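Engineer: Here's a structure for you.
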Amino acid sequence: MLFRSPSQIIVHPNYSSNGDAYDIALIKVGTAFTLGSTVATAALPNNTTESVLDVNGKYATVSGWGKTETGAYSNRALREVTIPITPTGSDCGSRPGNTICGKYDAGKDSCNGDSGGPLAARYNNRFYVVGVVSYGPVECRGYGVYTRVNGYINWIATNTGVTAQ
């Protein structure tokens with residue numbers, strides 16, 4: 001794993017540790033990454049792309065170094081799993097606005113330690129970050145909740161200059 005120290009962390013101004021709303025932050029690294037030929041950056045979804053990707057029955061891939069199905073943390077390799085998502089409905093119970101529900105599928109979902117990791121989906125041969133791991137059941141056997149990135153596009157652009165595509 002290639003480690004970079006953060007040079008700046010910007011937490012959403014409406015975030016409160018007492019709740020799950022506005023659970024998003026930006027991290028600027030001090031030294032840029034060099035991407036190889038098999039790695040590419042993911043894009044931020046504009047409204048049109050979001051309307052295609054964030055619909056009931058679509059699938060997205062979540063990745064992280066959190067706990068695995070055995071309860072151990074993944075310290076050797078980045079793990080990923082593709083799960084069905086739903087932007088509406090009560091599958092994840094009561095949840096804040098601007099979230100996506102990741103459906104627990106075949107014993108797999110995000111888990112403790114994956115928080116802040118991407119929920120990405122492919123559209124027109126490009127990956128888009130549609131969500132960020134926010135929270136889920138303590139035992140990691142249920143539906144996970146992801147902060148919907150598209151709901152914060154203006155805030156992201158204001159703080160980074162990066163816009164939706």
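The values are calculated or read from the model by the stated rules, or taken from the named source; none is laboratory data. The model shown is predicted, which means the values in this text are computed figures rather than measured ones. Because the Cβ atoms are built from the backbone with ideal geometry, glycine has one as well, and the counts that use them run over all protein chains shown. Each accessible area value is taken on the protein alone, full model and side chains, heavy atoms only, with ligands, DNA and RNA left out. Shrake-Rupley method; radii C 1.70, N 1.55, O 1.52, S 1.80 Å.
Engineer: If I go through region 48-97 residue by residue, how many of them are over 25 Å from Gly151 (Cβ atoms) and hydrophobic (A, V, I, L, M, F, W, C)?
Structural biologist: 4
Engineer: Would you be able to say whether some residue in region 64-77 is under 20 Å from Tyr152 (Cβ atoms) and either surrounded by 10 or more Cβ atoms within 10 Å (Cβ to Cβ) or under 15 Å from the mean Cα position of the chain (by Cα) (or both)?
Structural biologist: Checking region 64-77: at least one residue is under 20 Å from Tyr152 (Cβ atoms) and either surrounded by 10 or more Cβ atoms within 10 Å (Cβ to Cβ) or under 15 Å from the mean Cα position of the chain (by Cα) (or both).
Engineer: Also, I was wondering about something else. When you scan region 83-92, do you find a residue that is β-branched (Val, Ile, Thr), modelled with pLDDT of 90 or more, over 24 Å from Asn14 (Cβ atoms) and open to solvent by 50 Å² or more (accessible area, probe 1.4 Å), even just one?
Structural biologist: No, region 83-92 contains no residue that is β-branched (Val, Ile, Thr), modelled with pLDDT of 90 or more, over 24 Å from Asn14 (Cβ atoms) and open to solvent by 50 Å² or more (accessible area, probe 1.4 Å).
Engineer: Which one is nearest to Ile9 (Cα to Cα), of the residues in region 134-149 that are open to solvent by 30 Å² or more (accessible area, probe 1.4 Å) and touching a Pro at 6+ places or on another chain (Cβ under 8 Å)?
Structural biologist: So the residue we want is Arg148.
Engineer: Identify the single condition in (1) modelled with pLDDT under 85; (2) loosely packed, with under 10 Cβ neighbours inside 10 Å that Ser17 does not satisfy, given that it satisfies every other one.
Structural biologist: Here Ser17 meets the rest and fails (1).
Engineer: Name the pairs whose Cβ atoms lie under 6 Å apart, with the first residue in region 25-38 and of a type in the set (Gly, Ala, Ser), the second in a loop (DSSP other than H, G, I, E, B) and open to solvent by less than 80 Å² (accessible area, probe 1.4 Å), and 6 or more positions between them or separate chains?
Structural biologist: Gly30/Ser5
Engineer: Let me ask you something else. Are there any pairs with C-beta distances below 6 angstrom linking a residue in region 59-79 that is basic (Lys, Arg) to a residue that is in a loop (DSSP other than H, G, I, E, B), with the two at least 6 apart or on different chains, and if so which?
Structural biologist: Sorted first by the residue in region 59-79, then by its partner, the pairs are Lys67/Cys111; Lys67/Asn112; Lys67/Gly113.
Engineer: Only one residue in Gly131, Gly102 is in contact with a helix residue (DSSP H, G or I) (Cβ under 7 Å, 6 or more places away or on another chain) and surrounded by 18 or more Cβ atoms within 10 Å (Cβ to Cβ), so which one is that?
Structural biologist: Exactly one of Gly131, Gly102 is in contact with a helix residue (DSSP H, G or I) (Cβ under 7 Å, 6 or more places away or on another chain) and surrounded by 18 or more Cβ atoms within 10 Å (Cβ to Cβ), namely Gly131.
Engineer: I've got another one for you. What pairs come up if the first residue lies in region 1-20 and is part of a strand (DSSP E or B), the second is basic (Lys, Arg) and modelled with pLDDT under 95, and their beta carbons are under 9 Å apart, counting only those six or more places apart or on different chains?
Structural biologist: What qualifies is Pro6/Lys28; Ser7/Lys28; Gln8/Lys28; Ile9/Lys28; Ile10/Lys28.
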